[in-house]
Protein chains: 2
Amino acid sequence: MDRIRRNERLATMTRILSASPNRIFTLSHFGDLFGAAKSTLSEDIDILRDVVRYFQLGQLDTVTGAAGGVRFRPTVARRDALTFVQGLCARLSAPGRVLPGGFLYMADVLSMPDLVEKMGDILAGQYYAAEPDFVLTMETKGIPVALMAAKALGVPLVIARRDSKVYEGPAVNINYLSGSAGRIETMSLSRRAVREGQRALIVDDFMKAGGTAKGMTDMMREFAVTVVGLCVVMATREPEKKRVEGVRALMVMEDVDDAHDSAHIRPAAWLEEAE
Amino acid sequence: MDRIRRNERLATMTRILSASPNRIFTLSHFGDLFGAAKSTLSEDIDILRDVVRYFQLGQLDTVTGAAGGVRFRPTVARRDALTFVQGLCARLSAPGRVLPGGFLYMADVLSMPDLVEKMGDILAGQYYAAEPDFVLTMETKGIPVALMAAKALGVPLVIARRDSKVYEGPAVNINYLSGSAGRIETMSLSRRAVREGQRALIVDDFMKAGGTAKGMTDMMREFAVTVVGLCVVMATREPEKKRVEGVRALMVMEDVDDAHDSAHIRPAAWLEEAE
């Protein structure tokens, strides 16, 4: 491959940009890689922007200024997001998914890489403007979705632990009211995980009363971190009043059908609004 | 965009193939998407294969037969893998990383999406031929790397829990000897997470004596699942004889420098061998 043609540049740029979402690559970076002039690369990017838009592969932006360049975000069109979430709802509404105590078996869906990546992309898409510095989740089941949201946003994931005996150095512990168990629990976060003044996006798997989410927002206050958003894969309709405000869910779990151990699950209302 | 040109097809195929690693896409799939003839698409794929190889973006294969098509794997060239792991070693050898008890603070590195994705790609690259049906990890810190390895392999992640009281339905519990605590612990795996006769790749974050890994292999025996590989991000040099065999680590932790709370960490030997 002596001469690198537009074909090759476009395919390579697509791979590089989409492998590092929300990261700005300078034209010089690609200039060095391809040995191409900036004017040529600008044309490449114009073509790529149209392609990405036409095939709804995400969003390609040119960022001007000193730290300028080009950046890819794996945003999902609202209609695609709704169709995808409807599919999840159908899957999770299947008989046998509701366990004793009203818990929903979601572990399989929450650890399929392609599904959690799409969920992460959809959630992250709502928070680019909020510019979070990291995504916070509470172990365990929310970690895959939270990691993928962090990837889409190009920021680290931070994991709060259920156990203060873990070996992550000096840690801040707080107590919170666990809605499901109805009792006081402890969560722990390593002091070195987060810096004062940062901005957090909270992502978790399931919310009933919102006790764990409330615990995470309290924890962020201890670290002097601003919470810019709070989202979950699944929220129960009841109680309607959660312990935290401004929760964005992908799905809402309505009442449980005891005869079939299944739940009525629907996409969250915001997914049905126009973009 | 009335006429879809080769440029556009190549960029779009790159995005679609690399977003779903190890999944075979038929030519008809792309034919429907682009309205292009199979002969044209075959030429596209030939070009793309060369591009992917030239820029070391991974590996593009044409799979023949009834279920044939084209598939992308995010393999990492051995030399790139070594350079990347050397960078991780330098980072993790920094003063202050060793905590009381000889534990190494790795939580930050283990939850940076770009770092765990590359680790996952490197590890997965060694197991395509083994054709695992899923990746198994034990909560919590190994989940991000294990998820990314699962993504690269195009298979689900399965998470064993430390706590048998979690709400995932009927579960198998086993006891194992935890090397770090030197005591008997319990791990739990939902019965519906795994099917008899499947093949598992075990991925974990840290191995000292190998007690947890031994527990996971015992667990797989209970499910009549074959373990096709066992890998960890970091293994300690001591004890040299682990409780399991055939462990593939990315890094090896040598002795600890008590004066600086730092450890000597080097890339695993296999990364320095020719490919």
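When B:ASP205, B:ASP261, B:ASP257 are screened for being of a type in the set (D, E, K, R) and at positive phi, only B:ASP261 passes. A:GLY87 meets all of the listed conditions (1) touching a residue at least 12 places away in the same chain (Cβ under 8 Å); (2) within 21 Å of the chain's Cα centre (by Cα) but one, namely (1).
Name the residues in segment A:191-205 that are of a type in the set (Gly, Ala, Ser) and either assigned to a helix (DSSP H, G or I) or within 26 Å of A:MET251 (Cβ to Cβ) (or both), would you? Residues satisfying the conditions are A:ALA193, A:ALA200.
A count restricted to segment A:194-211 and to residues that are β-branched (Val, Ile, Thr) and either within 18 Å of A:ALA124 (Cβ to Cβ) or at pLDDT below 95 (or both) stands at 2. Condition first: in contact with a helix residue (DSSP H, G or I) (Cβ under 9 Å, 6 or more places away or on another chain) and over 18 Å from A:PRO144 (Cβ atoms). Now tell me which residues in segment B:97-108 satisfy that. Answer for segment B:97-108, where residues must be in contact with a helix residue (DSSP H, G or I) (Cβ under 9 Å, 6 or more places away or on another chain) and over 18 Å from A:PRO144 (Cβ atoms): B:ARG97, B:LEU104, B:TYR105, B:MET106, B:ASP108.
Residue-wise test of (1) under 23 Å from A:MET119 (Cβ atoms); (2) at pLDDT 95 or above; (3) not assigned by TED's automatic domain parsing to the domain that holds A:PHE223.
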site: A:ALA150; (1), (2), (3): yes, yes, no
site: A:LEU153; (1), (2), (3): yes, yes, no
site: A:LYS165; (1), (2), (3): no, no, no
site: A:SER180; (1), (2), (3): yes, no, no
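Selection of strands (runs of 3 or more DSSP E) fully inside segment A:84-190 by the criterion of at least 2 residues being closer than 30 Å to A:ARG23 by Cα returns A:134-138, A:157-160, A:183-190. Inside segment A:31-62, residues that are under 17 Å from B:ILE16 (Cβ atoms) and part of a strand (DSSP E or B) make up a count of 2. Please verify whether segment A:85-92 includes one or more residues that are in contact with a Lys or Arg (Cβ under 8 Å, 6 or more places away or on another chain), within 26 Å of A:ALA124 (Cβ to Cβ) and not aliphatic (A, V, I, L, M). Yes; the residues of segment A:85-92 include at least one that is in contact with a Lys or Arg (Cβ under 8 Å, 6 or more places away or on another chain), within 26 Å of A:ALA124 (Cβ to Cβ) and not aliphatic (A, V, I, L, M). When we screen B:ALA193, B:ALA152, B:ALA160 for residues that are of a type in the set (A, V, I, L, M), touching an Asp or Glu at 6+ places or on another chain (Cβ under 6 Å), within 13 Å of another protein chain (Cβ to nearest Cβ) and under 28 Å from A:ALA149 (Cα atoms), the only hit is B:ALA152.
Do we have any residue at all in segment B:63-79 that's more than 13 Å from every other protein chain (Cβ to nearest Cβ) and assigned to a helix (DSSP H, G or I)? Yes, segment B:63-79 has at least one match. Taking segment A:1-21 as the range and being surrounded by 18 or more Cβ atoms within 10 Å (Cβ to Cβ) and part of a loop (DSSP other than H, G, I, E, B) as the test, only A:PRO21 passes. Between B:LEU110, B:LEU60, B:LEU92, the distinction of being of a type in the set (A, V, I, L, M, F, W, C), more than 22 Å from A:ALA152 (Cα to Cα) and assigned by TED's automatic domain parsing to the domain that holds B:HIS264 belongs to B:LEU92 only. Every condition in (1) in contact (Cβ under 8 Å) with a residue 12 or more places away in the chain; (2) not in a strand (DSSP E or B) is met by A:ARG266 except one, and the failing one is (2). Criterion applied to B:PHE55, B:PHE84, B:PHE30, B:PHE34 was being buried (at least 17 other Cβ atoms within 10 Å of the Cβ), aromatic (Phe, Trp, Tyr) and assigned by TED's automatic domain parsing to the domain that holds B:THR212, and the one residue passing it is B:PHE84. A:PRO144 meets the conditions (1) closer than 21 Å to A:GLY215 by Cβ; (2) surrounded by 17 or more Cβ atoms within 10 Å (Cβ to Cβ); (3) touching a residue at least 40 places away in the same chain (Cβ under 8 Å) in every case but one. The failed one is (3).
Per-residue answers, yes or no, for (1) crowded, with 21+ Cβ neighbours inside 10 Å; (2) more than 14 Å from chain B (Cβ to nearest Cβ); (3) free of Cβ contacts under 8 Å to residues at least 12 places away in the same chain:
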site	(1), (2), (3)
A:GLY179	no, no, no
A:GLU185	no, no, no
A:LEU201	yes, no, no
A:GLY210	yes, yes, no
A:MET216	yes, yes, no
A:THR226	no, yes, no
A:PRO239	no, yes, no
A:VAL247	no, yes, no
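Checking the stated criteria, A:THR14 turns out not to satisfy the condition of being more than 8 Å from chain B (Cβ to nearest Cβ) and either at negative phi or touching a Phe, Trp or Tyr at 6+ places or on another chain (Cβ under 7 Å) (or both). Say we look at segment B:219-275 and pick out the residues that are among the hydroxyl-bearing types (Ser, Thr, Tyr) and over 23 Å from B:GLU131 (Cα atoms); which of these is nearest to the chain's Cα centre (by Cα)? Across segment B:219-275, the extreme among qualifying residues is B:THR236.
Restricted to segment B:21-52, and to residues that are of a type in the set (Asp, Glu) and over 24 Å from B:TYR127 (Cα atoms), which residue is farthest from the other protein chains (Cβ to nearest Cβ)? Looking at residues that are of a type in the set (Asp, Glu) and over 24 Å from B:TYR127 (Cα atoms), I get B:ASP32.
The values are calculated or read from the model by the stated rules, or taken from the named source; none is laboratory data. Because the structure is a prediction, the values reported are computed rather than measured. Neighbour counts run over all protein chains shown; Cβ positions are idealised from the backbone, glycine included.
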